[in-house]
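None of the figures in this text is laboratory data; all of them are computed from the coordinates on show. Since we're looking at a predicted model, the values are computed, not measured. Using ideal geometry, Cβ is built from the backbone for each residue, glycine included, and neighbour counts are taken over all protein chains shown.
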């Protein structure tokens with residue numbers, strides 16, 4: 001059974017196995033630095049659906065079915081699905097899983113949703129509540145812009161601090177197993193931190209303090225340093241939020257730059273006009289399931305900190321002038337020889 005060490009870190013006594021995974025992206029995402037890392041590339045932004053919201057659901061559904069196909073499993077073999085997205089009441093995930101006829105937990109952690117799914121899923125499996133499960137997340141540039149900012153036809157100018165919501169989805173199959181290639185060994189449930197930032201086009205600044213709190217707590221609770229990990233990845237602070245995180249650790253005389261990356265900076269290139277980088281639930285989900293887990297599978301990475309960062313807000317809270325609350329959930333994924 002799982003137990004706690006330090007202030008907030010959960011240690012899994014029987015670490016849940018990540019047995020398979022898949023990533024689905026749009027053409028813009030596949031034209032970035034990680035081109036060729038993804039399982040499915042959707043050429044049509046509407047995925048042959050009637051709306052962008054239904055297209056997002058289709059992408060997440062494709063990520064789940066592709067994961068199951070790779071594992072030679074059917075949806076009826078799954079004990080529970082944990083899924084989330086950016087849309088009101090998580091309708092993207094709801095309609096993605098509607099016909100699955102499986103128990104369903106809808107999650108909302110904004111861009112931290114994929115990490116939250118891995119965290120909650122690990123607790124369920126290690127606690128004996130499930131033998132296997134799917135954790136998935138998605139986002140879509142067009143559906144997010146329509147909900148949080150302006151209609152696309154408005155053509156509003158995006159400031160330099162703005163991030164590009166990724167049209168992407170990722171899914172992971174987790175299983176109970178004592179014989180695993182790589183598994184989730186530790187997790188931290190994040191603490192909400194609010195610094196008075198109200199600009200929806202500067203989410204990196206709102207989330208960076210939460211990422212600092214979670215990652216520094218992990219270091220303290222486990223008595224580890226940045227060099228004890230092959231890579232520490234946030235998702236998604238973007239370029240500005242990532243630079244703020246580095247500066248926060250510099251105040252503690254800790255240098256994370258040698259092992260640190262951000263999914264929002266990894267997904268897009270400098271010539272793709274995304275300003276501060278990528279964001280959205282699907283951004284970190286696709287980078288994890290399309291690149292990072294492959295790096296672990298190919299033995300290029302042995303110990304990974306996946307720290308999902310989210311801006312907890314809604315269209316209503318923004319319209320009412322409420323500040324953006326930051327959150328960061330983290331899991332440690334390790335390679336273990338069979």
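For the residues 189, 240, what sequence is obtained by ranking on other C-beta atoms within 10 Å, fewest first? Before the final figure, lay out the partial values.
Values: 189 16, 240 22.
Starting with the residue having the fewest Cβ neighbours, the order is 189, 240.
Using the per-residue mean of other Cβ atoms lying within 10 Å as a proxy for protection, in what order, highest first, do the peptides 19-30, 2-13, 275-286, 255-266 fall? Write down the numbers at each step before the final one.
Working: 19-30: 24.5, 2-13: 15.1, 275-286: 33.2, 255-266: 21.1.
Sorting 19-30, 2-13, 275-286, 255-266 by mean packing, highest first, produces 275-286, 19-30, 255-266, 2-13.
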(request) Could you rank the peptides 176-184, 288-296, 115-123, 49-57 by their average count of other C-beta atoms within 10 Å per residue, with the highest value first? (result) 115-123, 288-296, 49-57, 176-184
(request) Using Cα centres only, tell me the gap between the stretch 70-121 and the stretch 282-313 in whole Å. (result) 17 Å
(message) Using only the alpha carbons of the stretch 158-210, what is the convex hull's orientation-averaged projected area in square nanometres?
(response) 6.2 nm²
(request) Would you kindly work out the equivalent ellipsoid of the chain from its C-alpha gyration tensor and give its semi-axes, the square roots of five times the eigenvalues, largest first in whole Å? (result) 27, 25, 18
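Write down, largest first, the equivalent ellipsoid semi-axes of the stretch 185-286 in whole Å, where each equals the square root of 5 times an eigenvalue of the alpha-carbon gyration tensor.
Details: eigenvalues 97, 51, 35 Å².
Each semi-axis is the square root of five times an eigenvalue, giving 22, 16, 13 Å.
How would you rank 130-140, 216-226, highest first, on the average number of other Cβ atoms within 10 Å across their residues? Numbers along the way, then the final one.
Values: 130-140: 29.2, 216-226: 16.5.
Taking the mean over residues of other Cβ atoms within 10 Å, the ranking is 130-140, 216-226.
Show that you can apply the helix-only estimate: for the chain, add -39,500 (n - 2.57) for every DSSP H stretch of four or more residues, divide by all residues, and state [θ] at 222 nm to the nearest 500. Working shown, then result.
Numbers: 11 runs with 106 residues, N = 338.
Computed mean residue ellipticity for the chain: -9000 deg cm²/dmol.
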